[in-house]
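Q: Handing you this structure, nothing more for now.
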Amino acid sequence: MQHLRLGVNIDHVATIRNARGGGHPDPVRAARLAAAAGADGITAHLREDRRHISDGDISRLIDGVDLPLNLEIAATEEMLAIALRHTPHAACIVPEKRQEVTTEGGLDVAGGLEKLRPYCQALREAGIRVSLFVDPDPVQLEAAAALGVPVVELHTGAYCEACQEDRGGAQAREELARLVEAARVAEDLGLECHAGHGLTYDTVAPVAAIPSVVELNIGHFLIGEAIFCGLDSAIKRMRSLMDQARAEAAGARSA
Ligand code: PXP
């Protein structure tokens, strides 16, 4: 059974810090705490409008935290230059709209092949592991494979929203089936498969149970939950739900 990595997204620690200016709460301190609580990586999204993570946070996260950094960026020249300057362990390319509250949908890889090709190549040549954040759509996965990137991250937002609207109902089952099928297609195409967006204690288990998904990136819920029980406890509980779902699914497959 392959270990399921947990990448903790610390953007919203910076959101709270920026609400008042100054340095508290510090996302780097949260990242160190996440490492101690059992996270396997740190994820941070440097947005064009710098609404949460700042350029300075990126250097401090790389220099001051003993975990690989997965830097989420839009496919712009500005972000490419920043990624090449910092050379994080990984870069996840996401679509970005200035007015959106959060990343709304996956990247249109199929419609943007010509723009993305040199972009991904520059990152790869710098030794950065490139992933593309895509909807669970075979067309997008085939385009990602055609670009030669090693990793895709499946957008779990539609599944999580469906769970909220009709818990365990037909729509949630349909969205989960799309994720399961997309993970299978990704594996067949030789793509490492990650997943994330909107995951909570209530929605994580079915995604963690998909055997070819090897990493989940989770932020908003963990930082929100930390208000009530602390970051250490929120991460440990998420980790344990992931591990339990993974072990149960492996047991069911071998039975
Ligand atoms: N993965 C990607 C590519 C994202 O853009 C985000 C949100 O920044 C996440 C995962 C984490 O989503 P959430 O904060 O809803 O857990």
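Rule-based calculations on the coordinates, nothing more; no lab input. Note that the structure is predicted; figures quoted are calculated from it, not measured. Counting neighbours? That spans all protein chains shown, and the Cβs are built from the backbone with ideal geometry, glycine included.
Q: So, counting K/R as plus one and D/E as minus one, what does the shell of residues with Cβ under 14 Å around Gly23 add up to?
A: Result for the local shell: +2.
Q: Between Arg237 and Thr76, what is the label-to-label distance in nm when each label sits 7 Å out along the Cα-to-Cβ direction?
A: The two pseudo-label positions are separated by 3.7 nm.
Q: Among Ser212, Ser254, which comes first, second and so on when ranked by fewest other beta-carbon atoms within 10 Å? Display every interim value, and only then the final one.
A: Working: Ser212 16, Ser254 7.
Ordered by Cβ neighbours within 10 Å, fewest first: Ser254, Ser212.
Q: Calculate I(q)/I(0) for the range 79-195 by the Debye formula, one identical point scatterer on each C-alpha and no solvent, and give its log10 at q = 0.14, 0.15 Å⁻¹ to two decimals.
A: The computed values of log10 I(q)/I(0) come out as -0.60, -0.68.
Q: Another question, then. Determine, from the Cβ-Cβ distance of Gln244 and Ala36 and an R0 of 22 Å, the FRET efficiency 1/(1 + (r/R0)^6), rounded to the nearest 0.05. Present the calculation step by step, with values, prior to reporting the outcome.
A: Numbers: r = 21 Å, r/R0 = 0.96.
After rounding to 0.05, the efficiency reads 0.55.
Q: Something else about it: Need the C-alpha centroid separation for the range 130-155 versus the range 31-110, integer Å.
A: Rounded to whole Å, the Cα centres lie 18 Å apart.
Q: For Arg5, what residues show an amide H to amide H distance below 5 Å, using hydrogens built from the backbone and excluding near sequence neighbours?
A: Under 5 Å from the amide H of Arg5: Glu215, Leu216.
Q: Let me ask you something else. Please arrange Tyr201, Tyr119, Tyr159 by how many other C-beta atoms lie within 10 Å of their C-beta, fewest to most.
A: Lowest to highest Cβ neighbour count: Tyr201, Tyr119, Tyr159.
Q: Turning to a different aspect of this structure: Any idea which of Gly23, Val139, Ala74 is furthest toward the positive side of the dipole for the chain, if Lys and Arg beta-carbons carry +1 and Asp and Glu beta-carbons -1?
A: Gly23
Q: Another one. How many Å³ per residue does the convex hull of the Cα positions in the range 1-118 occupy?
A: Measuring per residue, one finds 129 Å³ for the Cα hull of the range 1-118.
Q: So how do Leu46, Leu154, Leu71 line up by other beta-carbon neighbours within 10 Å, fewest first?
A: Ascending number of Cβ neighbours within 10 Å: Leu46, Leu71, Leu154.
Q: Net charge within 14 Å of Gly64 by Cβ-Cβ distance, Lys/Arg positive one each and Asp/Glu negative one each, not counting Gly64 itself?
A: Numbers: positive: Arg29, Arg32, Arg60; negative: Asp26, Asp57, Asp63, Asp66.
Spelling it out: positives minus negatives among the neighbours equals -1.
Q: Rounded to two decimal places and with Rh computed the Kirkwood way over Cα pairs, what is Rg over Rh for the chain?
A: Across the chain, the Cα-based Rg/Rh ratio is 0.94.
Q: Evaluate the range 167-255: find the radius of gyration of its Cα atoms, find its Kirkwood radius, and give the ratio Rg to Rh.
A: Computed over Cα atoms, the ratio is 0.99.
Q: Rounded to the nearest 0.05, what FRET efficiency do Ala170 and Arg253 have when you use their Cβ-Cβ distance and R0 = 35 Å? Please list the in-between numbers first.
A: Values: r = 25 Å, r/R0 = 0.71.
Between Ala170 and Arg253 the formula returns 0.90.
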